[in-house]
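For reference, the structure is listed below as structure tokens.
Laboratory data are not the source of any read-out in this text; all were calculated from the coordinates shown. Small disclaimer: the values here were computed from a predicted structure and weren't measured. Cβ atoms come from the backbone with ideal geometry, glycine included; neighbour counts cover every protein chain shown.
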Amino acid sequence: MTTQQPTAPFEGARSARIRTYLIYIVLDTSESMRTPARGAAPQDAPLQHFVNLIPRMLRDLADSPVINSIASVSVLAFNDRPEVLRPMTSLVQAVAIGKPRLGYGTDYASVLKFMVEQHPKDVRAVNLGRAREGLTVDVARPWVFFITDGRPYARSANQETAEWMVHRDRLVNLPIGARIAAIGLPGADRDTLWELATGDDNGSRNAFISDRRTTPRELSGSVVDAIQQSIGMSTSAGMLTIESPVGMRRIDRPRRARD
Amino acid sequence: MRGTEVLAEPARAGYDLVPLVAALLFLVSVFALVLWLRRRRERVVTRSVQTGTGVVLRAGGTSRSSKQASAGRRSPPSQQRFRLSSAKLGNPVRGLAFGPSRRRPTEPALTSAVLIHGPWFHTVYHGYGGSGAARVVIRAATVRGVAHAFDGTPGQDACGITWNQQRQSLIAAVADGLGSKPDSGDVAHQAVAGVLREGQRLAAGKDFAAVLEPAAGQVRRFVEKNQVSGATTLVLSEIRPTAEGAEVTVSGVGDSEAWFLHDGAWTVLHHERRSDGENVTRHLPSQAQGRARRIRVPHGSVVVLASDGFAGALGMDGSPLGRELAARWRQPPPPVEFLAQVNFEDEFFTDDRTAVAVWIR
């Protein structure tokens, strides 16, 4: 046998490979999320809607054969501190979803720090869960869908950007390389969403703010669509930005920069 | 008294009925035996039809066929039939839609270029190229992936083969449209068409790797002229039969792959697999720089070009699919069986699948 290449590039092809994705749905459960709009019934608070809709979102995601087979989803909640409502598991596994604890703050730093620490454990768990004879499991960079309605607030004070940005940077830089889509409910701070989100080299970021007329149910449907967009397709340069979900507007740039 | 007579009657009648009952029992037994034999014969077909048209891959275990392959034997038809019906015993491969054909399929000659692009349906081609000792047998199939079928969107793979009379060689190509762009299926179609056009007119003595550049140019012009949003990977190959086997030249852009199978072992000829799990790949028309390779393969080899939906399940150190196909591709399978093999069942592989396999006789 003769080849034109002195060294055959065999290494990556030693074994069959399956690609798997980690998806974090992070839900702000601070006091403002539990407060209904003026004149609305208590059960119309955004948090209650999302808590009710999360099982539905997971079912919708599981309907897709791609997501069902290759993605694992974890649901986190945070207020004064983070908590895991659903551990990182594939959608084919029935896992109980916990009820979020009561809390008041919107501590971005603690939840981002928690994710940085949690990610390697989740990767190990997914690798173990998916391991099959003759196949190598590749875990892609995680997607984080961060749903919030407020600005960072912890220990009875606004949280400085620098305080949580350091953890956000650790999360989005390698080796984790997370991609964050920040989804703001009405009233959310646009600048914070923009700073939290990741994007592409052209300056476009996955920072969205929902329309006031959009119902939580539509919003959760949009999150499902965005998750479906984000994985499973071969791409030219990596799926760094997702299209604007229905009922949401992309935040072009922070207001502070404009002023 | 009447009562006594009545009581006596059945005893006599029963005695007279013994031969009749015996004859009846005999007939029922024969009937049951015939029924049992018929049901037994039908069961093989029923089981295989119930499993659908895919090969199911499971972790662990070695199939009967793999063991036979390692022993260097080819199963007689009766054993192959057993293999089909033994699927429920936990073998990694379940049966195909049909049992092995009793006769070899008629192989039509490849007289003109064949381009397969089945966006909505599965397609299979079979035939041969060349003549005499320089004859190669071809199977090509494309299958719309589960993901596209679920979304109701078209499959985006394409493949093609043609015979270059001047060079006495087979030209083959596989293209896999990028799922992130809606018109990628059309671009994949154009890429294969370009390779077939350029490959067919390539004069003897010229380097086959030169086919890629004009083919990529055609793709670029198609995208620009029609303003379509699409991109594709491409792997192409020239297979020239020789006295020792074949000389194979492979070139490619992106994550479609080329492999060859010989003596039960798979060797990769072209791949661009990433280790970070990202679904990012080089593609046409943006990147037209191919990675070329030439290799001589012996008689009995199978050269395979495939999109990553199929080739991703192959590995040089063994994979469930690779082991099964090593056993089953000792000879070209019947076309429908080949289609079923490309359409193997595995929950992790939901992408479109296309494979062109060429047996060097």
FRET efficiency, B:VAL34 to A:GLN93 (Cβ-Cβ, R0 51 Å, nearest 0.05): 0.55
Overall form of region B:114-360 per C-alpha gyration tensor (a/c, 1.5; a/b vs b/c): oblate
Pairwise label distance in nanometres, A:ASN52 with A:LEU128, each label 7 Å out on the Cα-Cβ vector: 3.7 nm
Ranked B:THR232, A:THR29, criterion: other C-beta atoms within 10 Å, fewest first: A:THR29, B:THR232
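List the chymotrypsin sites (Phe, Trp or Tyr not before Pro) in region B:329-361 that DSSP assigns to loop (not H, G, I, E or B) and whose Cβ has at most 15 other Cβ atoms within 10 Å. Which are they?
Listed in order of number, the matching sites amount to none.
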Three-way shape label, region A:84-212, alpha-carbon gyration tensor, a/c 1.5: prolate
Test item: B:289-298 mean partner chain Cβ contacts at 10 Å: 3
Ordering of A:217-226, A:150-159 by packing [mean C-beta count within 10 Å, highest first]: A:217-226, A:150-159
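If packing is taken as the average count of other Cβ atoms within 10 Å, what order do B:278-290, A:63-75 fall into, highest mean first? Can you show the working numbers first?
Working: B:278-290: 20.1, A:63-75: 22.2.
Those peptides, ordered most packed to least, come out A:63-75, B:278-290.
With a ≥ b ≥ c taken as the square roots of the eigenvalues of the C-alpha gyration tensor of region A:150-215, please select rounded if a/c is under 1.5 and otherwise prolate if a/b is larger than b/c or oblate if it is not?
oblate
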Average partner coverage of B:277-284, which counts Cβ from other chains inside 10 Å: 6
For A:137-146, mean number of other protein chain Cβ atoms within 10 Å: 2
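Which whole-number value in Å³ per residue fits the convex hull of the alpha carbons of region A:17-258?
Value for region A:17-258: 124 Å³ per residue.
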Most positive-pole-ward Cα, B:VAL235, B:GLY322, B:GLY185, against dipole of region B:114-360 from beta carbon charges: B:VAL235
